[in-house]
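Chemist: Sharing a structure here in structure tokens format.
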Amino acid sequence: MRLRFALALAVLAFLISGAAIRADEPVDWDMVNRIRTEGFHRSRVMDTLQHLTDRIGPRLTGSPAMKSANEWTKWQLAEWGLENAHLEAWGPFGRGWSFDRISVHMLSPRKTPLLALPKAWTPGTKRKTKGLAINAVLEEADDFEDFKGKLEGRIVFIAKARDLEDPTAPKFLRYSEDELHKMTDFPIEEPRSFAKRRQRILKRIKFRKALNDFLAEEKALAAVDISSRDGGTVRLGSAGSREPGENVGPPTVAMMAEHYNWVVRLLEEEIEVEIEIEVDARFHDDDLMSYNTIAEIPGSDPNGEIVMVGAHLDSWHAGTGSNDNGAGSAVAMEALRILEALDVQPHRTIRIALWSGEEQGLWGSIEYVREHFASPPEPEDEDERKLSPLLWKEQFPRMIKPAHEKLSAYFNLDNGSGKIRGVYTQENAAAAPIFEAWLKPFHDLGADTVTNRNAGGTDHLPFDAVGLPGFQFIQDGLDYRSQTHHTNLDTFDHAREEDLKQASVIMASFLYHAAQRQDLFPREPMPQPPVEKDEEDEEDSDE
């Protein structure tokens, strides 16, 4: 009986303490009302997104379009009244690349256009080029021997044909209440092995170099890869190389899966397939550096504390970079525009950063964190130095810089144009009651979920890796994963205006409350070196 009574008291004390934490986190409801009015009735978010996508277009890091986006966002933020708008260089990133046109046709056994787009950092053809197709599946260096002496003058289809996805699978998704509720459960998992991931990526990099060399030595006319999306979409990335002086191999394109499979079936039936291909592409060697766009609303804090918001401005070149990540950039800009329009006088400086190089490994945000806050030592291996420094996460000791103690929190948006449904704490449990209080004014907009889970894959990770509070929001997926992610469908038409307005308002409110908060945002303990494992344990801990 006494034990039960003691347990009841303990539970009651816990609930009371939790309630006290929530009650202690103030929400400025008057400011929330003003933010909602400005963001819902005088929004500029779609104007900003349309300029980035329809007018500037795809923004591959290092390309002329990316530099135009840097200059325009700097100008626009300054025009809205933000201060210290500037471009911050990092790098060298490598050569820029762009293309103007592509034409791929089957000439025999019948004439028809084929849908394909060039992969980044591969050369153009200089003229229309004709050749017979060959399906030479080249997945690792051991495959080269089978095709020596067989590729000269050929259009090489380098991947296997594949089955198409389930056509009845839904393409447009929003989180259900049940799914959001399940996200609040925290799964206890084995730590990821960054060492293994480094080795996998190094292996891919070395294979790409070897493939470029092999195709060039064999005098292949061009290489064709298969899109990883169906339904007439072309999803792509890079081939070739952005390193000055490295072999870039032949022109390499990604082809719509339905067309790719068709060609391979004809070849399997021993029917000759003649392809004509023309790619107008070029490298840009005038400036090997890349740039982040930075601007801010100055705060009154004499200690120089800051709150940051960011999104990656760069994109791939298949579409116009709307959902990935013009949407996040437009929302971050709109959040600052809202606060500037309301003439807020923040305690902490509110700073926006629009990153470049995210698609190649979070380079822009990583280099900013390394320059301003903290950095691991560089690896001795030359190949590893070319990897994203985030993959050095197990490199210690960290070199902590004075500004590290000045950053309160960083907020990021990068999962398409879906509305915000909540926020990940990145295992920072002390953040949960704060976020719950800040989300309360937006329950009517569908944002009420806080989870201690981690979000991966985008620009909050460099902050988190050096012990700084960095957060990504939970967003409705819409058609981001199913259709638009890195594809030719990533255009303005796939952005949702009501969702982006909602996200902008919530972002502005989070930034305001973080800037006005009495204390710095709570932090997790600094990352520590991983526990050493013996070889047998390492073998057993597959990801």
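The values are calculated or read from the model by the stated rules, or taken from the named source; none is laboratory data. Nothing here was measured: the structure is a model prediction, and the numbers come from that model. Cβ coordinates were reconstructed from backbone atoms using ideal geometry, including for glycine residues, and neighbour counts include every protein chain displayed.
Chemist: Given the criteria basic (Lys, Arg), in contact with a Lys or Arg (Cβ under 7 Å, 6 or more places away or on another chain) and in the same structural domain as SER388 (by TED's automatic domain parsing), does ARG44 qualify? Give the steps one after another, and end with the answer.
Modeler: Values: basic (Lys, Arg): yes; in contact with a Lys or Arg (Cβ under 7 Å, 6 or more places away or on another chain): yes; in the same structural domain as SER388 (by TED's automatic domain parsing): yes.
For ARG44, the condition - basic (Lys, Arg), in contact with a Lys or Arg (Cβ under 7 Å, 6 or more places away or on another chain) and in the same structural domain as SER388 (by TED's automatic domain parsing) - is met.
Chemist: Output yes when any residue across region 157-176 is farther than 30 Å from TYR480 by Cα, in contact (Cβ under 8 Å) with a residue 24 or more places away in the chain, outside the structural domain of SER482 (by TED's automatic domain parsing) and outside any loop (DSSP other than H, G, I, E, B), and no when none is.
Modeler: Checking region 157-176: not a single residue is farther than 30 Å from TYR480 by Cα, in contact (Cβ under 8 Å) with a residue 24 or more places away in the chain, outside the structural domain of SER482 (by TED's automatic domain parsing) and outside any loop (DSSP other than H, G, I, E, B).
Chemist: Take region 407-426 and flag every residue that is farther than 13 Å from ALA330 by Cα, of a type outside the set (Val, Ile, Thr) and in a strand (DSSP E or B).
Modeler: If the condition is that a residue be farther than 13 Å from ALA330 by Cα, of a type outside the set (Val, Ile, Thr) and in a strand (DSSP E or B), then LEU407, SER408, ALA409, TYR410, PHE411, ARG421, GLY422, TYR424 are the ones that fit.
Chemist: Are any residues in region 385-409 among the acidic types (Asp, Glu) and in contact with a helix residue (DSSP H, G or I) (Cβ under 7 Å, 6 or more places away or on another chain), and if so, which ones? I'd like the intermediate steps shown before the answer.
Modeler: Keep residues of region 385-409 that are among the acidic types (Asp, Glu), which gives 394, 405.
If the condition is that a residue be among the acidic types (Asp, Glu) and in contact with a helix residue (DSSP H, G or I) (Cβ under 7 Å, 6 or more places away or on another chain), then GLU394 is the only one that fits.
Chemist: Can you pull out the residues in region 429-469 that are of a type in the set (Ser, Thr, Tyr) and closer than 19 Å to ASP178 by Cα?
Modeler: Start the filter on region 429-469 by keeping residues that are of a type in the set (Ser, Thr, Tyr), which leaves 449, 451, 458.
Correct list: THR449, THR451.
Chemist: When the residues of region 334-376 are narrowed to those that are of a type in the set (S, T, N, Q) and surrounded by fewer than 23 Cβ atoms within 10 Å (Cβ to Cβ), which ends up modelled with the lowest pLDDT?
Modeler: Residues of region 334-376 that are of a type in the set (S, T, N, Q), as a first pass: 345, 349, 356, 360, 365, 375.
Still in the running and surrounded by fewer than 23 Cβ atoms within 10 Å (Cβ to Cβ): 345, 349, 360, 375.
Values: GLN345: 97, THR349: 98, GLN360: 95, SER375: 86.
Among residues in region 334-376 that are of a type in the set (S, T, N, Q) and surrounded by fewer than 23 Cβ atoms within 10 Å (Cβ to Cβ), the one modelled with the lowest pLDDT is SER375.
Chemist: From LYS440, LYS419, which residue is within 20 Å of ILE35 (Cβ to Cβ), of a type in the set (D, E, K, R) and surrounded by 21 or more Cβ atoms within 10 Å (Cβ to Cβ)? Working first, answer last.
Modeler: Working: LYS440 fails: surrounded by 21 or more Cβ atoms within 10 Å (Cβ to Cβ).
From the options LYS440, LYS419, the qualifying one is LYS419.
Chemist: Quick one: which of LEU132, LEU117 is in contact with a Leu (Cβ under 8 Å, 6 or more places away or on another chain), outside the structural domain of GLU340 (by TED's automatic domain parsing) and under 27 Å from GLY237 (Cβ atoms)? Give the derivation first.
Modeler: Details: LEU132 fails: in contact with a Leu (Cβ under 8 Å, 6 or more places away or on another chain).
Of the residues listed, the single one that is in contact with a Leu (Cβ under 8 Å, 6 or more places away or on another chain), outside the structural domain of GLU340 (by TED's automatic domain parsing) and under 27 Å from GLY237 (Cβ atoms) is LEU117.
Chemist: Same structure, new question: Return only the number of the condition from (1) touching a strand residue (DSSP E or B) at 6+ places or on another chain (Cβ under 8 Å); (2) of a type in the set (Val, Ile, Thr); (3) in the same structural domain as GLY457 (by TED's automatic domain parsing) that THR320 does not satisfy.
Modeler: (1)
Chemist: Hey, another quick one. How many residues are polar (S, T, N, Q), outside any strand (DSSP E or B) and either more than 17 Å from LEU236 (Cα to Cα) or not assigned by TED's automatic domain parsing to the domain that holds HIS372 (or both) when one looks only at region 451-489? Spell out how you get there, then give the answer.
Modeler: So the first thing to find is which residues in region 451-489 are polar (S, T, N, Q), and the list is 451-452, 454, 458, 472, 475, 482-484, 487-488.
Then drop every residue that is not outside any strand (DSSP E or B), which leaves 452, 454, 458, 482-484, 488.
Retained after the next criterion (residues that are either more than 17 Å from LEU236 (Cα to Cα) or not assigned by TED's automatic domain parsing to the domain that holds HIS372 (or both)): 452, 454, 458.
Result for region 451-489: 3.
Chemist: If you check every pair at least six apart or on different chains, which have Cβ atoms under 6 Å apart with a residue in region 242-259 that is in the same structural domain as LYS119 (by TED's automatic domain parsing) first and a residue that is at pLDDT below 95 and surrounded by fewer than 23 Cβ atoms within 10 Å (Cβ to Cβ) second?
Modeler: Cβ pairs passing all conditions: MET256/GLY232; ALA257/ASP230.
Chemist: Here is a further query. So, in region 85-113, of the ones that are of a type in the set (Gly, Ala, Ser) and touching a Lys or Arg at 6+ places or on another chain (Cβ under 7 Å), which residue ends up surrounded by the most Cβ atoms within 10 Å (Cβ to Cβ)? Explain how you work it out, then say what you get.
Modeler: As a first pass, look at region 85-113 and keep what is of a type in the set (Gly, Ala, Ser): 85, 89, 91, 94, 96, 98, 103, 108.
Restricting the remaining residues to those that are touching a Lys or Arg at 6+ places or on another chain (Cβ under 7 Å) gives 85, 94, 98.
Working: ALA85: 19, GLY94: 23, SER98: 19.
Here the residue is GLY94.
Chemist: Is it true that some residue in region 494-503 is modelled with pLDDT of 95 or more, within 30 Å of GLN50 (Cα to Cα) and either under 17 Å from the mean Cα position of the chain (by Cα) or not in a helix (DSSP H, G or I) (or both)? First the steps, then the outcome.
Modeler: Step one: of region 494-503, the residues modelled with pLDDT of 95 or more are 494-503.
Checking the rest, the ones that are also within 30 Å of GLN50 (Cα to Cα) come to 494-503.
From the residues that got through so far, the ones that are either under 17 Å from the mean Cα position of the chain (by Cα) or not in a helix (DSSP H, G or I) (or both) too are 495-496.
Yes: region 494-503 contains one or more residues that are modelled with pLDDT of 95 or more, within 30 Å of GLN50 (Cα to Cα) and either under 17 Å from the mean Cα position of the chain (by Cα) or not in a helix (DSSP H, G or I) (or both).
Chemist: Another question, if that's okay. Can you pull out every residue in region 263-317 that is part of a strand (DSSP E or B) and hydroxyl-bearing (Ser, Thr, Tyr)? So that I can check it myself, show each step before the final result.
Modeler: So the first thing to find is which residues in region 263-317 are part of a strand (DSSP E or B), and the list is 274-284, 290-297, 306-312.
SER290, TYR291, THR293 - these are the residues of region 263-317 that are part of a strand (DSSP E or B) and hydroxyl-bearing (Ser, Thr, Tyr).
Chemist: What are the residues in region 245-289 that are of a type in the set (Lys, Arg) and closer than 22 Å to SER103 by Cβ, if any? Explain how you work it out, then say what you get.
Modeler: Pass one, region 245-289, residues of a type in the set (Lys, Arg): 265, 282.
Residue satisfying the conditions is ARG282 alone.
Chemist: If you don't mind, there's one more thing I want to ask. What is the number of the single condition among (1) of a type in the set (A, V, I, L, M, F, W, C); (2) closer than 22 Å to SER388 by Cβ; (3) in contact with a strand residue (DSSP E or B) (Cβ under 7 Å, 6 or more places away or on another chain) that VAL279 does not meet?
Modeler: (2)
Chemist: State yes or no: is LEU215 of a type outside the set (S, T, N, Q) and crowded, with 20+ Cβ neighbours inside 10 Å?
Modeler: Working: of a type outside the set (S, T, N, Q): yes; crowded, with 20+ Cβ neighbours inside 10 Å: yes.
Criteria met by LEU215.
Chemist: Let me confirm something: among GLY81, GLY62, GLY57, which residue is at positive phi, assigned by TED's automatic domain parsing to the domain that holds GLU498, touching a strand residue (DSSP E or B) at 6+ places or on another chain (Cβ under 7 Å) and at pLDDT 95 or above? Quick ask: steps written out before the conclusion?
Modeler: Details: GLY81 fails: touching a strand residue (DSSP E or B) at 6+ places or on another chain (Cβ under 7 Å); GLY57 fails: touching a strand residue (DSSP E or B) at 6+ places or on another chain (Cβ under 7 Å).
Just a single option satisfies the conditions, and that option is GLY62.
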